[in-house]
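These notes are about the structure you will find just below.
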Amino acid sequence: MSYDFDLFVIGAGSGGIATARRAAQYGAKVGIVESDRLGGTCVNRGCVPKKLMVYASHFPYEFEESAGYGWTVGETSFNWLKMITAVNNEVDRLNGIYQRMLDNSEVKLYRGYGKFIDSHTIEIGEQKVTAEKILIAVGGKPVKPDDIPGVEHAITSREIFNVKEQPKRIVIIGGGYIGVEFACILNGLGTEVTVVIRGDKILRGFDEDLRTEIQEGMERHGIRILNNKPKLSIAKQDLGLEITIPISNGESEIIVADAVSLAATGREPDLSNLGLENTGVEVVKGAIAVDEYNKTAEDHIYAVGDCTDRINLTPVAINEGRAFADTHFGGQSRKMSYENIPTAVFSTPEAATVGLTEAEAKEKYGDAIKVYRSKFRPMYYTLAGKEEKTLMKLIVDTNTDKVVGAHMVGDNAAEIIQGVAIALKMGATKANFDATVGIHPSSAEEFVTMR
Ligand code: NDP
């Protein structure tokens, strides 16, 4: 049977676009459908606009710090609308770049909602296209927990980039990546921020030292973190949103947030209206079930990225997609390696990590681990007169001397850990770290001088 395409991709986000382009480079006839703007969550309402807002939020600290270096900064002011407009203009520019990239790679782009009507046919409005292989890369969407009364009044990270007026007071529910990053962004920009979490600390799953260090840093910068608060409710009042948080003995604290409250309580695959029921694709716990080669229960249908709910990070979706394209169109069978995936939290202070946490390493290697820790005030903060600290931590398997975890909280953590991640991926030992000459003076050199 002949098909319209060798490969048809549903969803032009990071994973979908990377796969489509790679397959087309190998000579495959590729189509892709997208109902929204090109680039998916990362470009439009995730990593990219978020990081630009992180930059915006750092200036007040730098204005302050510059005084120690002899600068006098005049009166400063911040225009939220100007920042949001500039951020969205940049997103528009990137959409244009994605469009040109697809045009240049001869991937045919369809605008509209792609829906399976059978396992080889996708319906897009009035059109139908058929493909030999189909890749689902539809991403995820924020979840608002239904156990929080009034949560419908809260916005999510989807809407935050379109808020036209800076919130004066905000309550953020959730202490994961998004809750923590937006708490720091908004606090830096001058909003009064309260974070409410149901556990005892932010960033569950990260190394304990890293969690403590970020949490203390956030509190030092003026963010209020209310922990162990599993039950709260939201009500809309004339003045804004009223968030009621039970404290103890039947007493509650009420916080009035002026307009918005942000629910940063996780994300889930966005499989609505995809017509999966017309295929043999299996969905397990709300996510598309795939094998290590990204294959679904249908032999010719594959899925990558957040819709499979494995590790929901942009570079992971891209890597999964490229492995799929290399395997099926490039003649080199390849699966993605999930070991030692580095990740960063763009909080203030910033944090980044690769490999095992101390707890995970203990579970895997028992007592055969050695932990190296260093906490210091970076040179920059001496003249700036601030007590900001950097924390670095290495975890070593003493049986092999291999470094199995590296964690950092402090300025440029993401940039530094990216390099360290190469070493871990290559199986570097502590002796290899020790044999590496440091760059002086830098914070990063601490990673090769820890004793
Ligand atoms: P996370 O899963 O990271 O965090 C969710 C938070 O919400 C946790 O603190 C969780 O608490 C809390 N929570 C969940 N359900 C409830 C509930 N019913 N009531 C109260 N609190 C609740 O999700 P995010 O939304 O922050 O981020 C989604 C994903 O996006 C991340 O996992 C990551 O993959 C990706 N991302 C990556 C970024 C990066 O790489 N820098 C940046 C932003 C997002 P508890 O811990 O107790 O479960």
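Some observations on this one:
- Normalised by the number of residues in the chain, the average gap of Cα pairs under 8 Å and 6 or more apart makes the relative contact order 16 percent.
- For the chain: rounded, prolate or oblate by the Cα gyration tensor [a/c cutoff 1.5]: oblate
- Residue-wise HN-Hα couplings along the stretch 403-413, as the Karplus relation 6.51 cos²θ - 1.76 cosθ + 1.60 with θ = phi - 60° gives them from phi, are 7, 10, x, 9, 9, 8, 10, x, 4, 6, 4 Hz; Gly and Pro carry x.
- Three-way shape label, the stretch 325-423, alpha-carbon gyration tensor, a/c 1.5: oblate
- Farthest toward positive dipole pole in the stretch 308-451 [+1 Lys/Arg, -1 Asp/Glu at C-beta], among N319, V404, A414: V404
- Under 5 Å from the amide H of K29 lie the amide H atoms of D6, L7, each residue being 5 or more positions distant or on a separate chain, with H modelled from the backbone and absent for Pro and chain starts.
- Listed residue (G385, G11, G280) projecting farthest to the positive dipole end of the chain, Cβ model: G385
- Helix-only arithmetic for the chain: the sum of -39500 (n - 2.57) across DSSP H runs with n ≥ 4, divided by the residue total, places the mean residue ellipticity at 222 nm at -9500 deg cm²/dmol.
- The stretch 297-369: C-alpha pair distances exceeding 16 Å, %: 64
- Sequence of F324, F59 from largest to smallest accessible area, 1.4 Å probe: F59, F324
- Mean separation of Cα contacts under 8 Å (6+ apart) over length of the stretch 226-320, as relative contact order %: 15
- Averaging Cα coordinates gives a centre for the stretch 57-92 and one for the stretch 307-340; these two points are 38 Å apart.
- Distance between the C-alpha centres of the stretch 219-272 and the stretch 136-167: 13 Å, rounded to the whole angstrom.
- The stretch 117-225 shape via C-alpha gyration tensor axes, a/c threshold 1.5: prolate
- Beta bridge orientation in the chain: antiparallel %, DSSP, nearest 5: 65
- When the Cα positions of Y55, C42, F78 are compared along the charge dipole of the stretch 34-111, C42 comes out farthest toward the positive end, with charges on each C-beta of Lys, Arg, Asp and Glu.
- Cut-off under 5 Å, modelled amide H: who pairs with E253 long-range: I245, I247
- Residues within the reach of a label modelled at R93 (point 7 angstrom out along Cα to beta-carbon, backbone nitrogen below 12 Å), restricted to the stretch 148-179: there are none.
- Reach of K430 by Cα under 23 Å, taken over lysines that are not fewer than 8 positions away in the same chain: K362, K364, K370, K375, K393, K402
- Net charge of Cβ neighbours under 13 Å - reference H300; Lys, Arg +1; Asp, Glu -1: -3
- Packing-based ranking of 429-442, 26-39, 72-85 yields 26-39, 429-442, 72-85, ordered from highest to lowest mean Cβ neighbour count within 10 Å.
- Summing +1 for each Lys or Arg and -1 for each Asp or Glu among the other residues whose beta-carbon sits under 10 angstrom from that of T156 gives +4.
- Burial ranking of peptide ranges 117-127, 396-406 (average Cβ count within 10 Å, highest at the top): 396-406, 117-127
- Candidate lysines - alpha carbon under 18 Å from K285, same-chain residues fewer than 8 apart omitted: K141, K144, K295
- Charge dipole magnitude, Cβ of K and R +1, D and E -1 - the chain, Cα centre, debye nearest 20: 420
- Charge dipole (Cα centre; +1 on Lys/Arg Cβ, -1 on Asp/Glu Cβ; no other charges) of the stretch 63-212 amounts to roughly 360 debye.
- From phi via Karplus (6.51, -1.76, 1.60), per-residue ³J(HN,Hα) for the stretch 321-335 in Hz, x at Gly/Pro: x, 5, 4, 4, 5, 4, 5, 8, 10, x, x, 10, 4, 8, 10
- One compactness figure for the stretch 256-301 is 1.74, namely its Cα radius of gyration divided by 2.2 N^0.38 Å.
- With a Förster radius of 56 Å applied to the C-beta separation of T449 and K141, the computed FRET efficiency comes to 0.80.
- Near V345, the amide H atoms lying under 5 Å from its own belong to A351, A352; only residues 5 or more places off or on other chains count, and H is placed 1.01 Å from N.
- Within a straight-line Cα-Cα reach of under 19 Å, K335 can be paired with the following aspartates and glutamates, leaving aside sequence neighbours fewer than 8 residues apart in one chain: D291, E292, E298, D299, D306, D309, E320, D326.
- Formal net charge of residues neighbouring P230 (Cβ-Cβ distance under 12 Å; K, R +1; D, E -1): +1
- Computed about its Cα centre, the charge dipole of the stretch 326-451 is approximately 140 debye, with only Lys, Arg, Asp and Glu carrying charge at their Cβ.
The values are calculated or read from the model by the stated rules, or taken from the named source; none is laboratory data. Note that this is a predicted model, so its numbers are computed, not measured. When we count neighbours, we look across all protein chains shown, and the Cβ atoms used for this are built from the backbone with ideal geometry, even at glycine. Heads up: the accessible areas ignore ligands, DNA and RNA and are worked out on the full protein's heavy atoms, side chains in. Shrake-Rupley method; radii C 1.70, N 1.55, O 1.52, S 1.80 Å.
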